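Structure record follows, encoded as structure tokens.
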Amino acid sequence: MRGNDPDRERRVFEKTFRRSAAGLACALAALALAGCVDDAADLAVRPEARAPIARRPDMSIANASVAFVSVEGAPAAIAASFNQEMARQAAARAIVTADARKARYLVRGYLTAYPTQDGAAVEYVWDVFTRDKQRVQRVSDVLEVKGTGDDAWGIAGAGALASVAAKSADDISAFLSNTPEAVAVALARPAPGAAKAAAGEAEKPLAYAPAE
């Protein structure tokens, strides 16, 4: 029987360790790659998600609440002003906003301003996600403004950003009117005499306190 050879045992151990380490590195690389693929799949936009959407006037979007999670790309001061304008435009179109934990849809925005030959252009992109973070719609457009200067944001000014907010609210409202949460509303005129009867009922005193 041969005696123990410390050098031989050390070489065998090092060879086995290197093989195990290489295998572990490959496994970790495979997992990382799989994660990248999953992330890319989550962010992929379906072709139909880019198609223009028409606003359905016969639908109420009160149940299709949204949370504007973020607006990126613009300087901090401009982004803050734009967020306020976007909130006003959304309210004007009956878009119901809610906390991100309760909203039906999550919305992320991206603003970009760049110089053009005659002035500047402001491009916006809105990605709409469901609660489970699946992107279901992307709306985008570009607004060009004439002017001179070195700063594209300065050329665009508050007026251009207000127009971008208004168009953005139109696009998001149109999408929401086509969601499963949208509810049909009656557009038919009341029958003759119905308005008068309703007015008569309104004149009667309430027998109970209105619910809050």
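Throughout, read-outs are computed from the coordinates displayed, never taken from laboratory work. Because the structure is predicted, anything quoted here is derived from the model rather than measured. Counting neighbours? That spans all protein chains shown, and the Cβs are built from the backbone with ideal geometry, glycine included.
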**Prompt:** What's the extension gain from ALA62 to GLU144 if we count 0.36 nm per residue and subtract their Cα-Cα distance?
**Reply:** 26.3 nm
**Asked** Between ALA184 and GLU123, how many nm apart are label points set 7 Å from Cα along the C-beta direction?
**Response** 4.1 nm
**Prompt:** Magnitude of the Cβ-charge dipole of segment 59-184, K/R +1 and D/E -1, about the Cα centre, nearest 20 debye?
**Reply:** 620 debye
**Complete:** Amide H contacts under 5 Å for VAL71, restricted to residues at least 5 apart in sequence or on another chain and with H modeled in the peptide plane, are GLY109
**Prompt:** Taking 1 over the mean of 1/r across every pair of different Cα atoms in segment 59-184, what Kirkwood radius in Å do you get?
**Reply:** 14.9 Å
**Fill in**
Here the FRET efficiency for ALA76 versus ASP170, based on Cβ atoms and R0 = 41 Å and rounded to 0.05, is 0.95
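Could you sort the peptides 167-178, 67-78 by per-residue average Cβ neighbour count (10 Å cutoff), highest mean leading?
Packing proxy ranking, top to bottom: 167-178, 67-78.
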**Asked** Which far-off residues, 5 or more places away or on another chain, put their amide H under 5 Å from the one on SER177, with H placed in the peptide plane?
**Response** ARG56
